[in-house]
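Here is the structure we will look at, set down as structure tokens.
The values are calculated or read from the model by the stated rules, or taken from the named source; none is laboratory data. Note that the structure is a prediction, hence the values are computed from the model and not measured. With ligands, DNA and RNA removed, areas are computed over all heavy atoms of the protein, side chains included. Shrake-Rupley method; radii C 1.70, N 1.55, O 1.52, S 1.80 Å.
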Amino acid sequence: AVARANAAVDDARARVDDDPLRPLYHVVSASQWINDPNGPVHHRGTYHLFFQQNPYGDVWGHMHWGHVRSKDLVSWERLPIALAPSTWRGEEHCYSGSSVVDRDGRLRLFYTSIGNGRPPEQWGAIAVDAAATVFRKLPQNPLLTVEAHGDLEIDEWRDPFVFTEAGRTFMVVGGKRRGGTGVALLYETKDLVRWEFRNVVAEGPEETWECPLLFKVGTTWVLVYSPYSWPMVHTGRFDLTTLTFTSTWKDKLTRGSFYAPNVTRDAKGRWLMWGWIRDMPKGRGWNGALSLPRVLSVGADGTLRQQPAPELKALRHKVRHRPDGPVAGTVRLPELSG
């Protein structure tokens, strides 16, 4: 299935390679559709970044996990598709998720499996090679089913994000209460295979929460989720006893074409975020890109701050200055075009 998907992407490249509208330094697929960033991670000195991908068209469908890697956050190398639907098991899509490095230094992926009219399930995969370019799905799949919630009825259940705190490993998954509003659900594991439902860690007025993230920047906890419209961000506290998140500040994460963000903490201790840039031109053999990486911090007032990763300065070429002063109307800048 992976080989067939890779061949389909390669076959469509000739149509898009010379497209002047296609981004040059943002992460894009070789061709066809991409959306949510998935499972960013810094592993063995390399940044790995995955994303939702349809190898068979420039519209949404047939969700796979595309894969790129980089040493510097600037130049990205395309790798073979990491995950393809296991159609022989009734799987139709590999939805969004996250990644972690396990105790043995192996890269593990967690994602939502969608298939054949059954309720969503949370599945896992593990890297076969040390360079983390080939993955196999775990024989224990599914790792979680909706039955884990007992009497709590959950719809639109997807997009696992795994994090650790105080020696404990958790997973947060988004969705909504049946007939109710958006929630982030919390699970815990000791071995990355057997997971137990712990609590509704947070909920809000929106109908559905997609792609929830819960992580700690310094001493402040950050909750991010995507309720179909602009992503929302809260800062506050995560209580390890009650396993609940308390918000003390909230706002839209950004205004503009940026959705379903994902994060990782790198070897420098920085939290890095990518999002999906959508609303691209249609019918060009490619669609979608990932944002440039942002470095996150929390201000003294509890607000989430975002800055472009300083590594991106490497993209700059000749710097030209114009004298300070007011600009009105059209001002031509010599030697610049495009």
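Quick notes on this one:
- Under 13 Å of direct C-alpha separation, and excluding same-chain neighbours fewer than eight residues apart, Lys137 reaches these aspartates and glutamates: Glu91.
- Each 5 Å bin from zero up to the one holding the largest Cα-Cα distance in the range 41-167 carries the following percent of pairs: 2, 10, 19, 23, 20, 14, 8, 4, 1, 0.
- Computing Cα Rg over 2.2 N^0.38 Å directly from the structure and comparing it against [x] 1.08; [y] 0.97; [z] 1.02 singles out [z].
- Solvent exposure of the range 121-212, expressed per residue, is 42 Å² of accessible area, with all protein chains present and a 1.4 angstrom probe.
- For the range 82-152, the carbon plus sulfur part of the accessible surface works out to 50%, probe radius 1.4 Å.
- For the listed residue pairs Lys71/Lys313; Lys252/Lys313; Lys71/Lys250; Lys282/Lys313; Lys216/Lys268; Lys176/Lys250, the alpha carbons are over 23 angstrom apart in Lys252/Lys313; Lys71/Lys250; Lys282/Lys313.
- Here's the list of aspartates and glutamates a cross-link from Lys190 could span, going by alpha-carbon distance under 12 Å and ignoring same-chain residues fewer than 8 apart: Asp102.
- Prolate/oblate/rounded label for the range 247-304 (Cα gyration tensor, a/c 1.5): oblate
- Within the same chain, aspartates and glutamates fewer than 8 places from Lys318 are excluded, and of the rest, those with a Cα less than 17 Å from its Cα are Glu335.
- C-alpha center-to-center spacing [the range 94-117, the range 41-84] in angstrom: 13
- In the range 171-239, Cα pairs under 8 Å separated by at least six residues give a relative contact order of 25 percent.
- Share of alpha-carbon pairs per 5 Å distance bin for the range 172-282, given as whole %: 2, 11, 19, 22, 22, 14, 6, 2, 1, 0
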